[in-house]
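Comments concern the structure below.
The values are calculated or read from the model by the stated rules, or taken from the named source; none is laboratory data. All values reported here derive from a predicted model rather than from experimental measurement. Note that we place each Cβ from the backbone using ideal geometry, even for glycine, and neighbour counts take in every protein chain shown.
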Amino acid sequence: MRGERYTDVIVFWVASEADKQALVQDTTSPFFTTPHFDDHPSVLLRASRIGELSRAEIEGVVQEAWLSRASARRATAWLRDHPPAGPDR
């Protein structure tokens, strides 16, 4: 039997399985995965739960998703031009 079908899922690429597990292991986190995405470098987020994340958290996930797929040249240029913010951001 199939699970509930969500109509508001956002898929984010991740750099590694460890990064994926870091986002989905906390069951209270809005990030999750399904068996369909086993062995796929991505996490899922229901749009209806995006308000549980801060703007900085969303920016971080989007940036990491992009960096995980960007060429080395583009990633290096991006990181040079957009240094990581401090913890008090």
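Summary of values
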| read-out | value |
| --- | --- |
| Hits in region 14-46 - residues which are assigned to a helix (DSSP H, G or I) and touching a residue at least 40 places away in the same chain (Cβ under 8 Å) | ASP19 |
| From the options THR28, THR33, residue that is out of contact with any strand residue (DSSP E or B) (no Cβ under 9 Å at 6 or more places or on another chain), farther than 23 Å from PRO84 by Cα and hydroxyl-bearing (Ser, Thr, Tyr) | THR28 |
| Residues (touching a Phe, Trp or Tyr at 6+ places or on another chain (Cβ under 8 Å) and more than 15 Å from GLU57 (Cα to Cα)) located in region 14-42 | PRO41, SER42 |
| Count of residues meeting criterion [charged (D, E, K, R) and either without any contact (Cβ under 8 Å) to a residue 12 or more places away in the chain or in contact with a helix residue (DSSP H, G or I) (Cβ under 9 Å, 6 or more places away or on another chain) (or both)] in region 47-64 | 4 |
| Residue check, ALA56 part of a helix (DSSP H, G or I) and over 12 Å from the mean Cα position of the chain (by Cα) | yes |
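So that you can scan it fast, the table gives a plain yes or no per residue for (1) outside any strand (DSSP E or B); (2) at pLDDT 95 or above:
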site: ARG2; (1), (2): yes, no
site: PHE12; (1), (2): no, yes
site: GLY51; (1), (2): yes, yes
site: ARG80; (1), (2): yes, no
